[in-house]
Each structure stands twice: as structure tokens, then as C-alpha cells.
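The values are calculated or read from the model by the stated rules, or taken from the named source; none is laboratory data. Bear in mind the structure is a predicted one, so any value in this text is a computation, not a measurement. Counting neighbours? That spans all protein chains shown, and the Cβs are built from the backbone with ideal geometry, glycine included.
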Amino acid sequence: MTQEGWTRKDLVGIADLSPQEIQLILDTAESFREVSERPIKKVPTLRGKTVVNLFFEASTRTRSSFEIAEKRLSADSLNFSSASSSLSKGESLIDTALNLQAMAPDLLVIRHSHPGVPHMLAERLPSGVINAGDGAHEHPTQALLDALTILQHKGRLEGLKISIVGDIEHSRVVRSNIHLLNKMGAEVTLAGPRTMMPVEAEKLGVRVVYTLDEAIKGADVIMMLRVQLERQSRLAFPSTREYFSLFGLTRERLKRAKRGVIIMHPGPMNRGVEIASDVADGPYSVILEQVANGVAVRMAVLYLLAGALQEAA
Amino acid sequence: MTQEGWTRKDLVGIADLSPQEIQLILDTAESFREVSERPIKKVPTLRGKTVVNLFFEASTRTRSSFEIAEKRLSADSLNFSSASSSLSKGESLIDTALNLQAMAPDLLVIRHSHPGVPHMLAERLPSGVINAGDGAHEHPTQALLDALTILQHKGRLEGLKISIVGDIEHSRVVRSNIHLLNKMGAEVTLAGPRTMMPVEAEKLGVRVVYTLDEAIKGADVIMMLRVQLERQSRLAFPSTREYFSLFGLTRERLKRAKRGVIIMHPGPMNRGVEIASDVADGPYSVILEQVANGVAVRMAVLYLLAGALQEAA
Amino acid sequence: MTQEGWTRKDLVGIADLSPQEIQLILDTAESFREVSERPIKKVPTLRGKTVVNLFFEASTRTRSSFEIAEKRLSADSLNFSSASSSLSKGESLIDTALNLQAMAPDLLVIRHSHPGVPHMLAERLPSGVINAGDGAHEHPTQALLDALTILQHKGRLEGLKISIVGDIEHSRVVRSNIHLLNKMGAEVTLAGPRTMMPVEAEKLGVRVVYTLDEAIKGADVIMMLRVQLERQSRLAFPSTREYFSLFGLTRERLKRAKRGVIIMHPGPMNRGVEIASDVADGPYSVILEQVANGVAVRMAVLYLLAGALQEAA
């Protein structure tokens, strides 16, 4: 395990990273994967470090994935959610963060509905800051765990054809994935209803199609996005049934896919909306491997940032 | 401390256990009781193990009892409640559980309002699963801590007369206790208003009576159940005052009890509804010993299941 | 580090403490400050001790400060909030506490809206009890961290002129500070609108003034209190703008202050209500140092109480 070449104290977005930095995180994550398979799933790497998880949006998998990563590295974790915080007393986010900072945490993991919040905190605070999702902006550890999963199945990212299907416009997962996959030389196709496609999507350096069949054809990887039913009032299609009939991934449709295709989903899934249950649980699905890789990627990021902070001190 | 003879990865209910298995848990718990009395209340038994507490119903004592048990065994604990989870985004319980599973926890402790959920998870997941209460079905660690408390006072379970009083029909505590006490050779009497007694209660292998005096007479142990005021709309009696006059345990009524009787209650108590305050705090009450034994029993169960998982690996 | 001279198992209020006890806490805190500046921010002092944080009011800084203090001392922390507890099932506070007690925690940290709750628990429970704020009564660790901060800047408390400005009547911070500062020989001035000043405030052994200018003049320390906007309906002035114009601390007003004055605030701040942003972030502000000292003071208190409990055992 080497921290050679890593100098950042923050991971705010994939957009900032060089291909070498991305590769270093993925290599480090690969070496951490094995820790979660041991009988004693714990290394003393971050003993005596304090990591604060500041989640201003509900989350099961991302928060728990970070918390497990922190505990397997022997860090001390603290959890905050918006409900229990002083923000309910009208304090500004930056004052809350400065106050936590004064308690000398080493790293802050933050999820916030407002794009740019992790960036602002990273600039203002001496602690390392990890973006765990900021609005529709970035979700860098998700793109990294996706890349780690693809690498394990395909051995490379360069030259791969990767199709991302669904509500492209509102997805921070897509944004981080496009940055990462473009930097690493993959060929990205975006697919979805026109009403869910950002204006001038082609300018992102990707191919854009408007049918699922075009997205499936020739793809090495198909990444299905979650339909955000919780904001269904602003949904851009008449019903979930109609969405499923047009963009739901079924076994029938997969017959036209390339041999060896893998199916990904960032979760939580809506079975029967963007993906059929038998596809989600089927032989091409690597969805649960993504989750397992999430812990390894987060361990790698925590480890690299803590190393950079130490050197700077 | 021996794990000899224990092979289960799950504790879903008392119904599944043999008398030998019940005895093994109780013996193991007895040996763990001492840990909580040390100045350093911690053993390294589960170091590097990840235990997830998944509570889909509010709980103070059971969740905290498990969490304390986990920490005294040096496990890493993670807490989830329904409010903060992806279930609020419409994900199915099994997907939430599979996702947590992918992060490689060793043990899951689950409370859920739906009977059978722990059983379903135990079948689907390689992790060990502990039922911390599922609807009106089972609450096995409660019955085990009750048994440990009785043993400490009476030295045996066999042949003891144990009366359980209150809302029999909706109680998972009763169900687990009947299984355990029947298997261990105790004689169980159920008492309560007819409207709170399950149809054909006698078929459970118990005696059924409908007055508190009959329940008290000759009993070695009286176990009072909580009246669930939070679902008072469906209560089967006119008022809590009326309930207290008919089934509330008072000092006056206890005069007719057998010498050396002990009074139990699984908590949380409604003082002045099912039990008078002076009885709850009086010389026959072992209610707080039950709570203390809860930590020891949960340590024992966590230890035995983790051992079985290790051997299977 | 010495526990010599400390015999209390509880810290319920500053009112109970002798000047020697206050000095011992401050000296101990000073020696713990350094732990949070190490690369490995952890000492094994409270390993195997269980600390329960029982917060019945929302709190970011106090709860997290205690939790960080506990983790840096290697204690096992458990968190309870009112929402998730059995109190929602109608259990009395004392029963909840007795139940937690039965699980053999070493220390309980409690915040409650009702004055006197920590005192009642301290009397009833063998565990050590720390008051983390009880209604408008006391908040002893806040006064201690304030004193530590003043000491670091002024080298002494005796003879210092300290002005406290704002909603005096409803502030537990003020009450604990008056006790501490009087005992240590400082001269306290209270300032605020007449509608926020307790009747017969002078009987507290302090000077009382009704303008900010009088409070500023000659003060070595100015402590601004939070305007509790969340209970604005009962506010004793027409608007926050009006409050700011009369009692808001601005750079302009500070021109009349004594050379070397320091500005304090217990947080969370309302910028532009009781304090101007440029003053809060300005050269005289020691507000974030207060937060940092909070962790050290809480480590000291946890350490001293645990030592007294050990000796008593």
C-alpha cells in the first residue's frame, strides 16, 4: 500500500482528479478489498483519527458504507444528521462546520442537497473533506466504486463502451461517472427520455441516444439509474408503468446485448420501474459487488487523505 | 466458556431451540455476567466483527442492551433505524438487507413489526441474524434473560409454577416465554381478560385463568405484561383504571402469594396500570435484574453465533 | 495528571463546587488539551468504561463535544435521544434511567429541558452523572470551558471584569458562569433589556446595567448570549433588527472597549442579531477556542468522575 503521489487533503469531485490520481485510488481500494474478507475485519491505519459524517440528506448505503470503512480502519466515527443539529436553531452551515472543526476532527464526510457545499467547506477547513453527494453535482466515491467494479470484470476501462440509462439530468452519479470514464478513456453513451436529458448533453463528450435498445447495443457495461419516485410530481413521463415499458431493463431486451455485458445500478433500486427483478438478481448483475466495493473505495479515500494531512502537518 | 454443541448462525426464535441449546446459552450468559461487573467492562472476543442493529420499531432497552453487549465484546456496532434508511425511498426490506450484507457484516440484530422478517433474512443472508422482536411472534432474548433471572433466584426452571398476566394475545414476550418454559419443564399459567386471551390458548400447553387471584395463588414467579397504551384505541377494556382494579398487581393482592415469589416485568412499565409502584420497587421485584441479565444474555448469543459462523467459514 | 482532591461522582452544577475543585478541573483540562493536537488523538484512560449520552433536547456542539471527549479517552459511548426512547411509550424518565443503570454504565451525560433532572438522577443512580444543560438552571461544562478560555488569554480570573450581555433570564450559561466567576473572584456585569433581566438580578452578586455601552466599558471579557429565535413569540423586544441596534456587538461599538478585550459566545450564534459577523470572525473573538476547550474540559470532567467512582468501588 503506497500513498506516493497523493497530495490532496480533499475529495470534492472527480472533475479535479488526474487519471493518475484515479488510478492510485483504485489500486489502493483493490488492496483494501481483502480486509473485509478477513475474520478480523480491522486494520489500525486510522487509530486515533476522528471522522465526522455530516449527512444532510437521508442515506442508508452511503452513510453506512463510510461508517463501516471508518471502523475497519479503526477511526473514531461521529454521526450528524440535519435533524439533530444546531442548523435547526438557525445556525449557518459554515458555522456548524467551523464549530466541528474546532473539535479537531481529521476528516469530514459530507452529503448535502446543495451543489458546491463540500467545495466551500474544503476551502475553509483544515480538515480533509470528502463529498458524499452534493445535489445533482458530484458523488465521486460512487463513480470510483463503479470503476473498481468494472475493472474487476473487464480488466480495463480504456476503450470500453459504457451506457448510462435514465434520469441523466438530475443525477450526480452520472456527472461523476462521465468525468471518470472520459478521463480513463472509456466511451460513454447516455440514454433516457428527452425530458430527462440535459440540454446540450453531447457537449459532455458523450454519445446521446433516446432509446434503450440503442443504449444496450454493443455496450460492455449498462448502468441503470434510479427513477426518483420521491419527486414523482415533477416526473417527466406519465407513469412508472410507461417508464418501465420504454426504459426498464428486462431479460427480453438484454437478449440483444453484447456477450459478457455487466449490469450496474447505484441503488436503491425500484424493481419493476427501471429494472426488472430477474435482471437485478440475474447472472449479469454486479449490483451487490458495487456495494462491497464501496467499502473498499471509501477505505482507500480515507487512507489517502489522512496520509496527505499527516504529511502537511 | 465453551461453544461446544452450538452450530446455529441465527437466533430467530425459541421455538427452534432444543433444551440443550437453551441451557448452553444460559450457561454462557452466566459466565458473561461477570464482565459487566469489572472495572474494565470489555473483552476482545468480537474484535474486528461488524454487528448491524436494524431497528424498525422504537426501542430503548433492547437496542441499548444489544449495543452495550456488542461494545463489551469489542465488536464494531452500526445502528440503523427505519427513519434514516433507504426504506423511506421505497426500497424493499430485502434489498436493504442485501445491501448491508454486501458490506460484510458478521451479525444483524433486527426488530420489525412484521412477524417472520428475521426468519426470512436468516434464510437469505450468510450473516448471523438475531431476532430482537418481530411483531407478536417472538422475542427470544427476552425469554432467555427472563429464564436467567428465574434461575438465579430459584436455581431451576423445572417444576416451577410461572404465571404470566396481561395482554397475552399481542405479546411476543409471552410466546417466546411459553416455548422456553415448556421446553425446560416449567408449568405456565396465563391470565388476563378474555378479550386479551388468544382463542384456544389452552392448546399452547398452558393453564389459562381469567382472574389475577388465580394467577397469583401458588405461583413461584409472576410475570406482569405491559399494557400497550400506545394502541389504546383497540384496548379490550374500558379504562386503565378498570384494568388496574382487575389485573393490576398490588401489595394487597400479593399477600395471597406464595412465600419467596418473584415479580417480573419486561418493561417499559406503566406504573399504576398493570403494576403498583410499590410492588415494582418492592422486595419481590427482580425487574432491574432482568435488565442487567439482558446484557449478559445478548453477549452470550452474539458470542455463540459468531463462533458458529467462524467454524462454518 | 492528578485526581488528588476529587471525590464527587457527579457534576450537576457549578453552585456545588469549591474554588479548589474548579481549579482542579481547569488544571486537568489544560493537561488534556494537548491530546487533541496529537496525530493520534487518543489515550486509553477510560478503556472499558461505558458512557451514555442522554439528550432530551437537540444539540450539535455539546453532544458532539462530549462524544469526541469520550472517544479520545477510549470510552464506549452510547447515544440516546428522546425521539427514539421508551419515553415515547410513556415510561417515566426515572424508569428509563434506572433501566440504563441496570446495564452498568459508568457515566451518564444528560441534557433535559426540566431544571433539576440531573440532580435527581445523581441522587438515585450509582453511576456518575454530568449535567449537559438542564432548562434555565445550569450548564456547568460551558462555564468551565469559558473559564479555561479566559485563563489562556488573561492568565487569571481573579479581579477580571467580565460582562455578559443578552437574555440573562433564560440562560443556564449565565447562571453557571455567575457561580464560577464569583467563586473565582472575577467581577461580573450583566447587561440586557429590562424585559430579559431577572427580578432582583443584583442579588446574584453582580452589577446590572441596561445598555451595551456600559457593559463594554472597562470589560476584560465580553460574553454575548444567543437570542433564542426559536422562542421568538415570547421575545421581549419588537424585532431582531431592534435588538441588534440596541444590544448587537459591532466593530463600531467595540472601539470604546478596553485594549486586549476578548469576545466570547457559547454558540450557536445568530450573526447580525446579537453579534456582527465581522466581530464574530474578528481579532478579539475567541469563540472557536471556546469550542476547542470544550473537548478538553469534558475530557477532564469524565476523567475526574471516573476516578472518583473507581475509588468508591
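A few notes on this one:
- The listed residues are C:A147, C:A136, C:A132, C:A102, and the only one of them that is within 22 Å of B:M269 (Cα to Cα) and among the small types (G, A, S) turns out to be C:A102.
- Checked against the criterion of being surrounded by fewer than 22 Cβ atoms within 10 Å (Cβ to Cβ), touching a Phe, Trp or Tyr at 6+ places or on another chain (Cβ under 8 Å) and more than 18 Å from C:R47 (Cβ to Cβ), the candidates C:G272, C:G282 yield just one match: C:G272.
- From the options B:F56, B:F66, B:F32, residue that is modelled with pLDDT under 95 and in the same structural domain as B:N131 (by TED's automatic domain parsing): B:F56
- For region C:38-69, the set of residues classified as more than 23 Å from B:S36 (Cβ to Cβ) and of a type in the set (S, T, Y) consists of C:S59, C:T60, C:T62, C:S64, C:S65, listed by residue number.
- Residue in region B:97-113 that is of a type in the set (S, T, N, Q), away from chain A (no Cβ under 14 Å) and surrounded by 24 or more Cβ atoms within 10 Å (Cβ to Cβ) present: no
- Taken as a whole, the condition of being outside any loop (DSSP other than H, G, I, E, B) and either of a type in the set (A, V, I, L, M) or facing another protein chain (nearest Cβ under 7 Å) (or both) applies to B:I68.
- Candidate set from region C:186-205 (those that are assigned to a helix (DSSP H, G or I) and of a type in the set (A, V, I, L, M, F, W, C)); member that is nearest to C:A15 (Cα to Cα): C:L204
- Scanning region A:108-126 for residues that are assigned to a strand (DSSP E or B) and out of contact with any helix residue (DSSP H, G or I) (no Cβ under 6 Å at 6 or more places or on another chain) yields A:L108, A:R111, A:H112.
One line per residue, one yes/no per condition, for (1) over 16 Å from B:H170 (Cα atoms); (2) polar (S, T, N, Q); (3) surrounded by fewer than 20 Cβ atoms within 10 Å (Cβ to Cβ); (4) modelled with pLDDT of 95 or more:
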residue	(1), (2), (3), (4)
B:A236	no, no, yes, no
B:F247	yes, no, no, yes
B:R259	yes, no, yes, yes
B:I263	yes, no, no, yes
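- Selection within region C:266-276 - free of Cβ contacts under 8 Å to residues at least 60 places away in the same chain and over 13 Å from C:L254 (Cα atoms): C:M269, C:N270, C:R271, C:G272, C:V273
- Qualifying positions in region B:20-64 - crowded, with 17+ Cβ neighbours inside 10 Å, within 13 Å of chain C (Cβ to nearest Cβ) and under 19 Å from the mean Cα position of the chain (by Cα): B:F32, B:R33, B:N53, B:F55, B:F56, B:A58, B:S59, B:T60, B:R61, B:T62, B:R63, B:S64
- Of all residues making up region C:142-185, the number that are of a type in the set (D, E), part of a loop (DSSP other than H, G, I, E, B) and crowded, with 23+ Cβ neighbours inside 10 Å: 1
- Flag if C:A280 is within 19 Å of the chain's Cα centre (by Cα) and farther than 16 Å from C:Q142 by Cα: yes
- Per the listing A:V261, A:V227, A:V301, A:V273, the residue uniquely in the same structural domain as A:R47 (by TED's automatic domain parsing) and among the hydrophobic types (A, V, I, L, M, F, W, C) is A:V301.
- The numbered conditions (1) in the same structural domain as C:V51 (by TED's automatic domain parsing); (2) in contact (Cβ under 8 Å) with a residue 60 or more places away in the chain; (3) more than 18 Å from the chain's Cα centre (by Cα) are all true for C:G133 except (3).
- Condition broken by A:T7, with the remaining ones in (1) over 17 Å from A:M299 (Cβ atoms); (2) within 21 Å of the chain's Cα centre (by Cα) satisfied: (2)
- If only residues of region A:12-52 that are among the aliphatic types (A, V, I, L, M) and in contact with a Gly (Cβ under 8 Å, 6 or more places away or on another chain) are counted, the one that is farthest from A:L98 (Cα to Cα) is A:I40.
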